[in-house]
Amino acid sequence: MDFLTIIGLVVAFGGIFLGQLLEGGKLSSVLQLTAFIIVIGGTMGAVMVQYRLPVFVRSLKMVPWIILPPKTDPQPIIQELLEWSNAARKNGLLALEGLLESVTDPFMRKGLQMLVDGSEPAKIRATLEVDMDSRSEIERQAARVFESAGGYSPTIGILGAVLGLIHVMENLADPAKLGAGIATAFVATIYGVGSANLLFLPISNKLKGIVHQQNYLREMIIEGLVGIAEGENPKLIEGRLQSFYAE
């Protein structure tokens, strides 16, 4: 679990609400359902227009990554690749066939299957690089969904404020309602700017970082699989794989 994300959200929203209270304001004054519906609904609608359905759905599936990111620890993977290398040197590549069922990661299973099939190292590299690039491109597009949302939401917030001010202008005959009405109108602007800078843009950048980490990990996996296919010494393979994460 990525506790830093949780801490960051608590600090960000806590600081804003605490500042509101210290200034003598009320939390209820910034909690407006109408403004929330306008900003979030309008932003999501604009994003849906921009992206294809598979990309949008993928972005929603990636949201939990900000708190529960995919495992990117290279050491267990390096050890697994070294076990494959030792088994292949002792008993041949066909000895790896019995390991296929135990491999849960689709990318590694695909590479292991190519090893068992006796594919040439160059073909393994080319095939897995295409797979890696296609996966990462889809994930990068999904991460950009939230970047786009961060661009739309401030403008939608202004739109919500204008709509609120129109409602205020319709009640000019009742001065007692003007102050509260204007305050409510500008809550939409707060929601637009706040959601962009506290949620959408940070989520997008976090997901992009995770996608980059996964891509780098897949590059390491490709190097290990190619080294096994070429029959390299496991020690040499280990040294090359460890260099990916050398401090």
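For region 203-247, a Kirkwood radius taken over Cα pairs fed into Stokes-Einstein (20 °C, viscosity 1.002 mPa s) yields D = 185 µm²/s. Debye-formula intensities of region 67-166, expressed as log10 I(q)/I(0) at q = 0.11 Å⁻¹, are -0.53 (one equal scatterer per alpha-carbon, no solvent). Of Val57, Val10, the order by accessible heavy-atom surface (1.4 Å probe, DNA, RNA and ligands excluded), from most exposed downward, is Val10, Val57.
Rounded to the nearest 500, the 222 nm mean residue ellipticity of the chain from helices alone is -25500 deg cm²/dmol, with -39,500 (n - 2.57) taken per DSSP H run of at least 4 residues. In this calculation the C-beta distance from Glu137 to Met48 is compared with R0 = 22 Å, giving a FRET efficiency of 0.60. Total lysine pairs in the chain at Cα distances under 26 Å, for residues eight or more apart or on different chains: 16. Remark: region 54-113 projects, on average over all directions, an area of 5.3 nm² (convex hull of Cα atoms). Nonpolar atom fraction for region 70-125, defined as the carbon and sulfur part of the 1.4 Å probe accessible area, stands at 50 percent.
Approximating the spin labels as points 7 Å out from Cα along Cα→Cβ, the Ser28-to-Met1 distance works out to 3.3 nm. The residue among Gly98, Val193, Ile228 whose Cα reaches farthest toward the positive pole of the charge dipole of the chain, with charges on the beta-carbon of Lys, Arg, Asp and Glu, is Val193.
What does the extension gain come out to for Ile37 and Lys123, with contour length at 0.36 nm per residue minus their alpha carbon separation?
25.8 nm
Per the Debye calculation on the chain with a single equal scatterer at every Cα and no solvent contribution, log₁₀ I(q)/I(0) for q = 0.07, 0.09, 0.12, 0.13 Å⁻¹ amounts to -0.40, -0.57, -0.79, -0.87.
Helix 121-169 axis versus longest C-alpha principal axis of the chain: approximately 0°, rounded to the nearest ten.
The values are calculated or read from the model by the stated rules, or taken from the named source; none is laboratory data. Quick caveat: nothing in here was measured; it's all calculated off a predicted structure. With ideal geometry, Cβ positions are generated from the backbone for all residues, glycine too; neighbour counts draw on all protein chains shown. Each accessible area value is taken on the protein alone, full model and side chains, heavy atoms only, with ligands, DNA and RNA left out. Shrake-Rupley method; radii C 1.70, N 1.55, O 1.52, S 1.80 Å.
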